[in-house]
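Below is one structure, written out as structure tokens, with a few remarks after it.
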């Protein structure tokens with residue numbers, strides 16, 4: 001954590017986390033006419049991002065001010081469930097070999 005970041009209280013982080021989950025769910029379509037990837041960008045201050053993802057930040061790029069979080073592998077949905085504290089993150093299978101999943105980076 002950079003020294004200039006605010007250490008937000010847990011209650012504030014929880015509110016930000018709830019808003020993040022709501023925003024993601026609003027952007028994801030619920031019918032078959034909307035297929036393909038969906039890019040969701042969320043604007044937040046650095047302290048908010050760090051408060052939610054601090055344990056999962058792999059790289060920091062100071063020149064651009066970007067953080068990189070990686071969720072991959074068998075446990076990625078379980079990790080995302082813990083980060084967002086929401087049980088609705090998993091692969092969903094449909095008829096005709098179709099599936100939906102969340103890819104975060």
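The values are calculated or read from the model by the stated rules, or taken from the named source; none is laboratory data. Note that the coordinates shown come from a computational prediction; the quantities given were computed from them, not determined experimentally. Using ideal geometry, Cβ is built from the backbone for each residue, glycine included, and neighbour counts are taken over all protein chains shown.
Which residues, counting only those in region 55-78, are closer than 15 Å to residue 20 by Cβ and either at pLDDT below 80 or under 12 Å from the mean Cα position of the chain (by Cα) (or both)?
Across region 55-78, the qualifying residues are 56, 69, 71.
Restrict the check to region 8-30 and report whether at least one residue is in a loop (DSSP other than H, G, I, E, B) and at pLDDT 80 or above.
yes
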